[in-house]
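Notes follow the structure.
The values are calculated or read from the model by the stated rules, or taken from the named source; none is laboratory data. This one's a predicted model, so the numbers in the text were calculated from it and none came from an experiment. When we count neighbours, we look across all protein chains shown, and the Cβ atoms used for this are built from the backbone with ideal geometry, even at glycine. Surface areas here come from the heavy atoms of the whole protein model, side chains and all, with no ligands, DNA or RNA. Shrake-Rupley method; radii C 1.70, N 1.55, O 1.52, S 1.80 Å.
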2 protein chains.
Amino acid sequence: MKYLFILFLFMFSIQLTAQSDAENLKKIYSNSLTNGKSYEWLSHLSNQIGSRLSGSFGAERAVEYTKEELEKLGLDKVWLQPVMVPKWVRGLPEFAYIETLPGKTTQVNICALGGSVETPNGGVRAQVIEVQGIEELKALPKDKVKGKIVFFNLPMQADLINTFEAYGGCADQRYSGAYEAGKLGAVGVIVRSLNLRLDDFPHTGSMTYGDLPVSQRIPSAAISTNHAELLSTMVALDPSTNFFFKQNCKQLADVESYNVIGEITGSEFPDEYIVVGGHLDSWDLGDGSHDDGAGVVQSMDVLRLLKESGIQPKRSIRVVLFMNEENGLRGGNKYAEVAKTKGENHIFALESDSGGFTPRGFSFDCSDAVFNKVLGWKDLFKPYLIHYFEKGGSGADIGPLKSDTTVLAGLRPDSQRYFDYHHAANDTFDAVNKRELELGAATMASLVYLFDTYGIKAEMANDTFKN
Amino acid sequence: MKYLFILFLFMFSIQLTAQSDAENLKKIYSNSLTNGKSYEWLSHLSNQIGSRLSGSFGAERAVEYTKEELEKLGLDKVWLQPVMVPKWVRGLPEFAYIETLPGKTTQVNICALGGSVETPNGGVRAQVIEVQGIEELKALPKDKVKGKIVFFNLPMQADLINTFEAYGGCADQRYSGAYEAGKLGAVGVIVRSLNLRLDDFPHTGSMTYGDLPVSQRIPSAAISTNHAELLSTMVALDPSTNFFFKQNCKQLADVESYNVIGEITGSEFPDEYIVVGGHLDSWDLGDGSHDDGAGVVQSMDVLRLLKESGIQPKRSIRVVLFMNEENGLRGGNKYAEVAKTKGENHIFALESDSGGFTPRGFSFDCSDAVFNKVLGWKDLFKPYLIHYFEKGGSGADIGPLKSDTTVLAGLRPDSQRYFDYHHAANDTFDAVNKRELELGAATMASLVYLFDTYGIKAEMANDTFKN
């Protein structure tokens, strides 16, 4: 009888806990949807500040603005973490055309890839050789490539449901295209924009010259998908078709910038840290509303939502707005370096850097034991149609925190529209839906709440990390 | 040993079936995403034809166009099913203002509700009484309402995750507002648009006068959410604030129109029918891309996707493009009436009428036994991130087919953005994403394929229908 009573008490307490978790999640979601701040912050970041490429005036203003807004939230600490970042500038607008017929040209939409060198003053004019990706280029004899403009035209694979997988399948032509083509003596690189739609926007993004000597570093630009189709047709009709482009971009000296950090200090375990973040920098073409304005304001709102919902975290919760994810990852590396130097024990880090679309769930970079624990929370998310809990990657900025004792996770929003806007001039505020953004913030806050409430110590002792 | 061998054969055949189901779904999804027709059809329907209110020239052209396109698919039969439909016309653009100060007016955005009477020639000008929904109005004494314009301003509840639930919570003020206010002697009704966003678009929709005598039928219009906020503020500042509106809409005599039907006749059970459909009519303000151009083209593509994927249906699969869902449901009623007269055995009907957004799953109006069978198919949809399988409503057009032997289902896309566009001038082609639309078509085709392959006879004998 006594044991039965204890059993009853035990079950009752489980019941209470589950009930209070469900109630706290409900508070968080309701608060975000009726009283969220993420959309208002995003409006300022996008419409008042605009693009925020590392080292730009926009990036500087974004650091000031987000620091001020975090200070208004009554957190325990708000500070700037200095970090040196690369400064690349686009310069004058790019100009390009296809010589469709002798004496006749058709202007096309291109944009320099981030990190590219400029063209010579008179631009680059050469015959085009089209390849479907890096491997096809590597298989060509050097004399077929020398003196030409290499046109990488491998499209994203449309029948993959996760569009990030389609991106992963051809992003190397953008990142390493100029490196590989430069080695073979090409004079320029044009890359099909990493966009699943056919439209007129060129999509920029990072690229590398690796260890190439300066003499082999050739200018590299992205072309809109519509114009990639046009160029491909023209080259098929006449393989001697010439292409011309001119761009004025430059890599300048590194400048000082900052990660912006805010903290609610834990009431029970202040030395256990939970990080939630996105990256404050963006490319320069749109205003970076989806990439990654959304992740920034959602992460800021996680701390506000916890406070507003009357949740006093046991562990220290930090929002980190990382600088320079797009072209250097200096902010992410700096944060991890400082954390390591100080011996800070980060138990969990969550990043939102996949757009402000309806959240579907998370991917986790953690041990099986931790993952099984997380799966036990899945039902709590069912009322909010959050169903995706899988092992996988997390986020670029939190990647450097990876260790045997830190769980990493990435928010996974619906991915269908992301590459319509990614790194292009149409990544603007109007492309973000308020409710979708707010649901993402609430979903992140809910997971942070659960990691804070239950910790992960026991699971970490049970298992080693695998991914 | 012999039994073991039979068991082996049996398990092997189960394995084969499951494998071939998975393969067929993969074919359907790949086909839709790489070679789908839905987006091209929607472009024509939206951009070339435009709005398709019952009885309008647009509706007539849409009937012709979709019949022609179905005929090109090489189906076994394509035909028009005549049905008489109401014809309501908006007439000249509406005009409205708030008398904000003596002698000063502020123009506001309104649109007549579908089915409303016009205002007198000189418009309606009266003091405003604001209520939060029908119940609040009913509680008022008649002399508080008589001679006034009733302003229904109950907003959609923002913290409901399913926005259709939020819609359901206040749609009665639009549908029955004029009926209830007319009974109390009001002279006009202004309803807050059923929109979760604050913006400038008024959202129309159906309304009723019920059994009210003509003398009590008062004009009724929707006001944009931004202007509903403004009106509410003005009335709070000064309860004697006057409002003026003029509209020129009219209900004309019924006209003949059509449901458009195409059929692949079943190879084994031609007398068992499966229906997939959406409604061809739309409201007159936008071009009805989400409501319900999306459902129309997805339903058309279901039959094409089955054919293209090399699937020969055992049962007869019909696409039905229903006329007049928005203001009469005459098409849905007619189809069910004819089916009943002919004694056609409809085993399954699926409707898409919730927008062309990323599909999340289905809701089913069926017995527990059938629902359990359907749940057995859920894993097949996991690669496509289709996770929502719940009992619930289906669709207005297929509702009249409800019987003990017909399973009804509705496609459930992500609902967050739907009411941004619903029945408003911004429900246009650019608001639809190609991949999201195509994923919906594939998801519908996959469910139709499974119902066709496995039927539902045994389950129907086991259980009676509950909802």
Keeping every protein chain present and rolling a 1.4 Å probe, give me the accessible area per residue for chain A in Å².
39 Å²
³J(HN,Hα), Karplus 6.51/-1.76/1.60, whole Hz, each residue of the stretch B:106-119, x for Gly, Pro
10, 6, 10, 8, 10, 9, 4, 6, x, x, 5, 7, 7, 7
If you take the square roots of the eigenvalues of the alpha-carbon gyration tensor of the stretch A:194-292 and sort them as a ≥ b ≥ c, do you get rounded (a/c under 1.5), prolate (a/b over b/c) or oblate?
prolate
Please compute the net charge surrounding B:Leu73, taking Lys and Arg as +1 and Asp and Glu as -1 over other residues with Cβ under 15 Å from its Cβ.
-1
Nearest-5 percent of antiparallel DSSP beta bridges in chain B?
55 percent
Over the protein assembly as shown, what is the percentage of antiparallel beta bridges among all DSSP beta bridges, to the nearest 5?
55 percent
The stretch A:112-196 - convex hull of the alpha-carbon atoms, volume per residue in Å³:
90 Å³
In the A-onto-B rotation, chain A's nearest residue to the axis by C-beta, with distance in whole Å, turns out to be A:His387, 2
Just to check I understand the Karplus step: with θ = phi - 60° and J = 6.51 cos²θ - 1.76 cosθ + 1.60, what whole-Hz values come out for the stretch B:129-146, glycine and proline as x?
10, 8, 10, 9, x, 4, 4, 5, 5, 4, 7, 7, x, 4, 6, 6, 9, 3
Candidate cut points under chymotrypsin sites (Phe, Trp or Tyr not before Pro) in the stretch B:133-176, DSSP loop plus at most 11 other Cβ atoms within 10 Å of their own Cβ, are none
Can you give me the relative contact order of chain A as a percent, contacts being Cα pairs under 8 Å and 6 or more apart?
21 percent
How far is the Cα center of the stretch A:75-120 from the Cα center of the stretch A:199-246, in Å?
13 Å
Collect residues whose amide H, placed 1.01 Å from N in the peptide plane, falls under 5 Å from the amide H of B:Lys391; neighbours closer than 5 in sequence don't count.
B:Phe364
Taking Cα centroids, how far is the stretch B:41-62 from the stretch B:377-405 in Å?
28 Å
Other-copy label distances relative to B:Leu101, 7 angstrom Cα-Cβ extension, nm:
6.4
Can you tell me the 0 to 90 degree angle between the C-alpha axis of helix B:330-341 and the longest principal axis of chain B, rounded to 10?
40 degrees
Added length on full extension, which subtracts the Cα-Cα distance from 0.36 nm per residue, A:Lys391 to A:Ala126
90.8 nm
Give, in nm to one decimal, the length gained when the segment between A:Lys378 and A:Leu101 is fully stretched (0.36 nm per residue of separation minus the Cα-Cα distance).
93.7 nm
Taking the label point 7 Å from Cα along the Cα-Cβ vector, the copy-to-copy distances for B:Pro82, listed from shortest in nm with one decimal, are 8.6
Given a cut-off of 31 Å, name the pairs among A:Lys250/B:Lys434; A:Lys67/A:Lys373; A:Lys26/B:Lys382 whose C-alpha atoms lie farther apart than that in the structure shown.
A:Lys250/B:Lys434; A:Lys67/A:Lys373
Distance between modelled label sites at A:Ser240 and B:Glu268, nm, 7 Å Cα→Cβ extension
6.3 nm
Over chain B, the sum of -39500 (n - 2.57) across DSSP H runs of at least four, divided by residue number and rounded to 500 deg cm²/dmol, gives at 222 nm -10500 deg cm²/dmol
Rounded if a/c is under 1.5, else prolate if a/b beats b/c, else oblate: with a ≥ b ≥ c from the C-alpha gyration tensor eigenvalues square-rooted, which is the protein assembly as shown?
rounded
Give, in nm to one decimal, the length gained when the segment between A:Asp254 and A:Val89 is fully stretched (0.36 nm per residue of separation minus the Cα-Cα distance).
58.2 nm
Shortest-first nm distances, A:Ser20 label point to equivalent points in other copies (7 Å, Cα→Cβ)
5.6
Placing +1 on each Lys and Arg Cβ and -1 on each Asp and Glu Cβ in chain A, then taking the dipole about the Cα centre, the residue among A:Tyr273, A:Ser363, A:Gln251 whose Cα reaches farthest towards the positive end is A:Gln251
Restricting the count to DSSP beta bridges whose residues both fall in the stretch B:92-248, what percent are antiparallel, rounded to a multiple of 5?
55 percent
Report the FRET efficiency, 1/(1 + (r/R0)^6), for B:Ala458 and B:Lys183, where r is their Cβ-Cβ distance and R0 is 45 Å, rounded to 0.05.
0.30
The stretch A:156-248, accessible surface, carbon-and-sulfur percent (1.4 angstrom probe)
54 percent
Any chance you could check the stretch B:151-175 for residues losing 30 Å² or more of accessible area when the partner protein chains are in, compared with the chain on its own (1.4 Å probe)?
B:Ala158, B:Asp159, B:Ile161
Rounded to the nearest 100 Å², the accessible area hidden between B and A, summed over both chains at a 1.4 Å probe radius, is 2500 Å²
For the stretch A:405-441 the residues that are at least 40 Å² less accessible with all protein chains than alone, 1.4 Å probe, are A:Gln416, A:Arg417, A:Asn433, A:Arg435
Go through the stretch A:63-79 residue by residue and turn each phi into a ³J(HN,Hα) via Karplus (6.51, -1.76, 1.60, θ = phi - 60°); whole Hz please, and just put x for glycine and proline.
4, 4, 5, 5, 4, 4, 5, 5, 5, 5, 7, x, 6, 6, 8, 9, 8
Three-way shape call for the stretch B:265-326 based on the alpha-carbon gyration tensor, with the a/c threshold at 1.5
oblate
Taking the Cα centroid of the stretch A:288-325 and of the stretch A:151-178, what is the distance between the two, rounded to the nearest whole Å?
30 Å
